[in-house]
Every structure is written in C-alpha cells, then in structure tokens.
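Q: Encoded as structure tokens, here's the structure I'll be asking about.
Rule-based calculations on the coordinates, nothing more; no lab input. Here the structure is a predicted model, which means the values were calculated and not measured. Methodologically, a virtual Cβ is constructed for each residue, glycine included, from the backbone with ideal geometry; neighbour enumeration extends over all protein chains shown.
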Amino acid sequence: MDIMSFQDLFRQEATRREVLTTGHVVPEPERCVQCGICSYNCPIGIDVRGHVWQGRAVKDSHCLTCGECVARCPRGVLSFQRTNLFDGRTK
Amino acid sequence: MRYVIIGMGVAGIAAAEAIRRQDSTGEIVLVGDDPHGFYSRPGLAYYLSGELSDRQLFPYAAQDFHKLNLRYVKGRVTRIYPVEHQVDVDRHGRLDYDRLLLAVGSTAVRLNTPGADLEGVVKLDHLDDARRIVKMARRAKTAVVIGGGITALELVEGLVARGVRVHYFLRGECYWRSVLDEEESQVILQRLQDDGVRIHFCTEAAEILGKRGRVVGVRTADGRQIKCKLVAFAIGIRPRTELAQAAGLDVERGILVNEYLQTSAADIYAAGDAAQVFDPLSGRSILDSLWGPARDQGYAAGLNMAGQQTAYVKSAPFNVTRLAGLTTTIIGTVGRGQDEDLLGIARGDSETWRQLPDAIVAQSGFDVNRLRLLVGEKRLLGAIVMGDQTLSMPLQKMILTGVDITPIRSKLLAPNAPIADVIADYWTQWRKEHASQQ
Ligand SMILES: Cc1cc2nc3c(=O)[nH]c(=O)nc-3n(C[C@H](O)[C@H](O)[C@H](O)COP(=O)(O)OP(=O)(O)OC[C@H]3O[C@@H](n4cnc5c(N)ncnc54)[C@H](O)[C@@H]3O)c2cc1C
C-alpha cells in the first residue's frame, strides 16, 4: 500500500541531499510512542526506536543518513543535526 | 524486597526499569494478562492504516527483558489484600509483595446500543482488536464508525486505507469539540469528505441490525438504515479501577494517587492510564491517556517504590497525531467543555486540555496550515499546530518551559497578527539569548 504522498517523497529526497554529509539522527523522545515505523523503514535494520526509548542519537557508524526514519515518523520525533554541533546526548 | 507490578504496558515497564536502576538485587515480579505482552498501543493505528506490520509493534526484545532480570507471570490479578500485602493471581495462587504497582491501564467504554454484542461490532483497544478489524475489512465493503477523539478517526482512516466505504456518525456538527475549535473541526471533516468518507451530522445509532448473529446494518434514531458489515466505535475510555475499588483504595474517575504516585493504601502505587494523579501546580487530580505521561509516571513510581523519593511533576500534556492525514500537535490547554461523542476521556487525550484557561485566543492560518495559541498573562498556555509543523517544536518548548512572552504579547493579540512569524522571530531571538544556558 502506498501511503506516502508525492510531497512526502519530495521532502524526503530533499532531506537526504541536505544531510548526506555529516549528520546524525537525533530524537525528541517525548514525542515518541514507540510505534516502530522508524526501525521498520530503516534499510539496514538499525533499531532506531530503541535509540529513541533511551534518548540516544543514532550514532551507528552504519547509518546511511538516508532520511527514511526521519521522513516516515508520523510524529516528528526524529531530525538531523550536524555532527560538530552535537555532543552525543539529547536529554 | 519483592516488587510486584500489575500490568505490562508502558507504565509497568518503565517502573521495572526505574526499580532496577535503584535496586539491583530486589525481586521484580511483573504480572500481566495481555497474551501479547508489551507493545505500542498508539502504533495499532499505524498497523491498521498499513504503514506497519503487527510484528513491528513490540519495542522490547528478549535481551531487554533479560536486562531487567524480572519474573514474568502471565496471568490476571483478581484481588488485592492491602493489609496482608498479598495479591491473588488467576491460576497461580497468592503472591506476597512488599511494594505493589497498579499499572493496569484503561479500557474502551462499551457501546450500549441494542445489537452492540453482534459479531462485527469492534473497538480499537488491543492488538487482537486491530487484527480482527484488519481481517474483517477484507470482506466488509461498508462500515459505520461511531464516536469521537483520535481513535474514532484512526478507525475511519484505517478502514478507508483498506478500501472500506466509511459512514462516520457524529452526534453534533463538530468533531472533537472538547479540544478543537469549530474551524479546526471543519478542516478535518472536509478532508475526510474529500477522502470519500460519508459524514452523518447530528446522527445517533438507535440499533445495530443483525442477521444470524452478524452485523448487517445500522438504524439511526431518525429512522434511516445504513447497510454495513462492520460497526467500529470509540466513545471514550475508562480507567481500570475495579481491583483498587474492591481493595478499598480511594478511587474517583481513576485510582487516586499523590505526587509520589502513592495510593491511599500503604505500599501500593498506581501509574499510567489507570491513575488519577495529583498535580500540585493546579491542585487537582487529573486523568491522562497519553503514552508519555504513562511512561513518566511509571518511572517515578518505580523510583519511589525502590526508596528514591521522587515527585512526579506533570508537564503540559502534549500529543502529536494525524487527523485526516493532517499532522496535528496539541500542547497544553487548548479546548473546553464537553464532547457529545465521548464519555469522559478519549485515548491520546488529557483532561488538562479542557481546563478553561484564563487566556485569550490568537489564531492564524488558512487552508490546511493552522495555528491557534492560548495566550496567558505572561506565557503561552496552549497551542494547536495543524499542517506545517515548523513551529510545533518551538511552541512545545515555549509552553513546557514557560518562556516569558511579555515582549510579544500585544503583537500576538493584534487583529490579524501574523502570529506564526511573531513566534518564529521571538523563538530565534530567545534561543540566541539563552544559548549559553541550554
Ligand atoms: C488505538 C490507540 C491509540 C492511541 N493513541 C495515542 C496517541 O496518539 N498518543 C498518546 O500519547 N497515547 C495514545 N494512546 C494511549 C496510550 O497508548 C496509553 O496512554 C498508554 O498505553 C497507557 O499505558 P499504561 O501502561 O498505563 O496502560 P496499558 O498500556 O493499557 O497497559 C496496562 C496493562 O495491564 C494489563 N492488566 C490490566 N488489568 C490486569 C490485571 N488485573 N492483571 C494483570 N494484568 C492486567 C492489561 O492487559 C495491559 O496489558 C492510544 C491508545 C490506543 C489504544
């Protein structure tokens, strides 16, 4: 079933280009209800949801920063932050 | 020390995590009667809409349980003996406790329309409910949805996504009147109609019609008949208070607890959807049906049970949800009064949203991007952000931390003020000024 609109796909493409360099996926844990859409859509199977539960950024060296999890999260839990501005903790 | 937790929802799990953080040797026994264990209840909506498989709804893996080193008893607690410090567990016998947590959640209010027990009448409370709906949606061409709040729309949208024609019954002319204003409700209803949903205003189901035990239609109070195979309802929830009540604990709408999550009985705590929690700031005891507060309360209860005195400080309730495909963030106090489509509180709801604040409303927005602010004397009391979510995070922070808005208050309240721009500019400036303290 194709749920995403073209607009979403476009936005996803834009985010991807923007952050392909040196970003991290950073959670806003209060927004999360642990639905698992982020982990479900991660192309390499990172447990993004587990990171959010613990309030940790996704610092997995395998993370492609492809933006799937950021774009698909229905609650705006995830965002990108540049590495140099970020100290590794979110809370 | 033996800790017994009743209920394996987010409040129960968070309590176990907190206890284990404080006490590495105490025995934790978790008694739960849900055959599926711990899963994301809000995630059921995304499973229904097809965005997620049901196997993905489980946040905890085997090693996570292992880390907590707890004993899981699959069963139902049927009675609490507060004096003896014991509980009865169905088919397992009696269990002693030193500290007990009631994290038993809430349950959907039943429909009492005649015919409500027919096969094909469904609610969305539980993973089994969601699976049943998915299965039935394969054969049902048409469904009737009754009720209000987020869950009713999740049912409507889930069924539409699965190709079912949906008739949505509303008792009045608005959707979720206790939280949304008329215009917001209008935006949502229009979008549903654009998606092909038939909305029946001022309509009540008088009877659910059946044949050989199965739903075949609904008769409305004004005498119309709608053929359907599925009737889904979401008319509110009720905290599970029976155990507490039978044990003589103080109960109102939920199980009453103080800010340390203690009930009226020694060594018994309550948290999550089941608890009605005292809020020292407002002096009231409030029900929430929200994942975040359930987790926070569970965690605080766990710390208190393990001897680390910790007050639960209620922050402004907050939810991000999708209403008719439109991302909507609700923060703080935004609504008022009663909702004729709901009894009491709904899922993903907080009583705080309806406490009429001493505030003036500022709003802007057109088409699907809409912003409504509740402006207090010195700070923002609440906000609804629909559509574009750029301001949702800044507003969440401003409301939760009580940022002083005196410098922009008059700008916000000016006629036709561009409130989104005013907020965005102020937030950028505020953040710069406070960067060093963050
Ligand atoms: C469809 C749906 C959509 C939702 N949407 C949102 C949303 O958008 N945002 C949001 O913040 N929240 C939402 N919620 C609400 C959120 O899921 C709840 O607030 C949260 O799950 C409450 O957690 P809890 O641990 O208190 O209770 P529950 O998760 O209900 O857990 C209680 C557990 O206790 C067990 N139990 C009960 N009685 C006994 C007994 N006697 N013996 C043993 N076990 C027992 C139950 O089986 C259950 O497993 C939604 C809920 C649903 C169902």
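Q: Give the Kirkwood hydrodynamic radius (Å, one decimal) of region B:1-45, defined as one over the mean of 1/r across all pairs of different Cα atoms. Could you put the intermediate results ahead of the total?
A: Working: mean 1/r = 0.0884 Å⁻¹.
For region B:1-45, the Kirkwood estimate is 11.3 Å.
Q: A further question on this structure: So which chymotrypsin sites (Phe, Trp or Tyr not before Pro) in region B:120-223 are both in a DSSP loop and have at most 15 other Cβ atoms within 10 Å of their Cβ? Could the numbers behind the result be given before it?
A: On the way: sites: B:Tyr168, B:Phe169, B:Tyr175, B:Trp176, B:Phe201; in loops: B:Tyr175, B:Trp176, B:Phe201.
The qualifying sites are B:Phe201.
Q: Hey, how much of the P(r) for region A:23-82 falls beyond 19 Å, as a percent of Cα pairs? Don't skip to the answer; put the middle values down first.
A: Numbers: 198 of 1770 pairs.
Above the 19 Å cut-off, region A:23-82 has 11 percent of its Cα pairs.
Q: Evaluate the Kirkwood expression for the hydrodynamic radius of chain B, namely the inverse of the mean inverse distance over all pairs of different C-alpha atoms, and round to one decimal in Å. Provide the component values of the computation, followed by the final result.
A: On the way: mean 1/r = 0.0433 Å⁻¹.
One over the average 1/r among Cα pairs gives 23.1 Å for chain B.
Q: Counting helices only, and only those DSSP H runs with n ≥ 4, report the 222 nm mean residue ellipticity of chain B as the sum of -39,500 (n - 2.57) divided by its residues, in deg cm²/dmol to the nearest 500. Spell out each step's value before the answer.
A: On the way: 11 runs with 118 residues, N = 438.
After summing the helix terms and dividing by residue count, I get -8000 deg cm²/dmol.
Q: For chain B, what does the relative contact order come out to in percent, with C-alpha contacts under 8 Å and a separation of six or more?
A: Working: 976 pairs, mean separation 66.8, N = 438.
Taking the mean separation of contacting Cα pairs over the length of chain B, I get 15 percent.
Q: Let me ask another. For region B:110-234, how many pairs of lysine residues have a Cα-Cα distance under 15 Å, where the two are 8 or more positions apart or belong to different chains? Spell out each step's value before the answer.
A: On the way: B:Lys123/B:Lys135; B:Lys123/B:Lys229; B:Lys135/B:Lys229; B:Lys141/B:Lys227; B:Lys141/B:Lys229; B:Lys211/B:Lys227; B:Lys211/B:Lys229.
Taking the Cα cut-off of 15 Å, the pair count is 7.
Q: What are the extents of the Cα atoms of region B:192-273 along their three principal axes, in Å, largest first?
A: Projected onto the principal axes, the Cα atoms of region B:192-273 cover 55, 35, 20 Å.
Q: Right, something else. Principal axes first, then extents: for the Cα atoms of region B:110-234, list largest minus smallest coordinate on each axis, whole Å, largest first.
A: Its Cα atoms span 43, 31, 24 Å along the three principal axes.
Q: For A:Lys59, give me every one of the lysines with a C-alpha distance below 16 angstrom, ignoring sequence neighbours fewer than eight places off in its own chain.
A: Counting by Cα, and skipping residues close in sequence, A:Lys59 has these lysines nearby: A:Lys91.
Q: To check my understanding: the extent here is largest minus smallest coordinate of the Cα atoms along each principal axis. What are those three numbers for the protein assembly as shown, in Å, largest first?
A: Taking the Cα atoms of the protein assembly as shown, the three principal extents are 65, 64, 50 Å.
Q: Roughly speaking, what is the centre-to-centre gap between region B:157-171 and region B:180-228 when only Cα atoms are used, to the nearest Å?
A: 9
Q: Okay, moving on. Please list, in order along region B:71-79, the HN-Hα scalar couplings obtained from phi with the Karplus expression 6.51 cos²θ - 1.76 cosθ + 1.60 (θ = phi - 60°), rounded to whole Hz, x for Gly and Pro.
A: Couplings: 9, 9, 10, 7, x, 10, 7, 10, 7 Hz.
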